[in-house]
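Here the structure is laid out as structure tokens; the discussion comes afterwards.
The values are calculated or read from the model by the stated rules, or taken from the named source; none is laboratory data. Note that the coordinates shown come from a computational prediction; the quantities given were computed from them, not determined experimentally. A quick note on method: Cβ atoms are made from the backbone with ideal geometry, for glycine too, and the neighbour counts reach across all protein chains shown.
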Amino acid sequence: MRRTGILAIAMTVATIASGCGSTATTLTSVPAAYGIVRGAVTAGPTCPVEQAGHPCPPRPVSGAVSARRTDGTTRTATISKDGTYRITVPAGTYTLNVLTGSVLPRCPPVKVVVSAGATVQANMFCDTGIR
């Protein structure tokens, strides 16, 4: 009986040790390197005539930001209530588009180059159409 218990413990240790080896191998095969694109999306003007003492600062835009590479790789992030966004993407060149679900505000696309391990700041300004 004692021999069976020792044999079971030895087999368990061997199984765990072999699993640890394969885990280390898995960790060394890392996929493509990633970077971060972050920024704020605002829209203005927010009133037709700005008066002294009553400023009309740009306002945060509701929606999402899409980052698309020429090979079709696309990542999308929701814009937070304060107008900020953050997208983690594989290194490469991307076109950023604001997705609002409506014609206005109009937000021109922005091109960014993301390097592995780097953070790119890309603030986007949209036109509300107010004149």
Taking the stretch 71-99 and the residues there that are among the charged types (D, E, K, R) and within 12 Å of the chain's Cα centre (by Cα), the one that is nearest to residue 42 (Cα to Cα) would be 86
If we keep only residues of the stretch 70-83 that are of a type outside the set (D, E, K, R) and modelled with pLDDT of 95 or more, then the residue surrounded by the most Cβ atoms within 10 Å (Cβ to Cβ) is 79
When the stretch 33-69 is checked residue by residue, the ones that are within 27 Å of residue 91 (Cβ to Cβ), of a type in the set (Gly, Ala, Ser) and surrounded by fewer than 17 Cβ atoms within 10 Å (Cβ to Cβ) are 33
Based on this model, can you work out whether residue 118 counts as at pLDDT below 95 and touching a Gly at 6+ places or on another chain (Cβ under 6 Å)?
yes
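Can you tell me which residue among 8, 67 is out of contact with any Asp or Glu (no Cβ under 6 Å at 6 or more places or on another chain), at pLDDT 95 or above and small (Gly, Ala, Ser)?
Numbers: 8 fails: at pLDDT 95 or above.
Exactly one residue qualifies, and that residue is 67.
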Note on the stretch 100-131: residues surrounded by 14 or more Cβ atoms within 10 Å (Cβ to Cβ) and closer than 20 Å to residue 60 by Cα are 100, 105, 107, 110, 120, 122, 124, 125, 126, 127, 128, 130
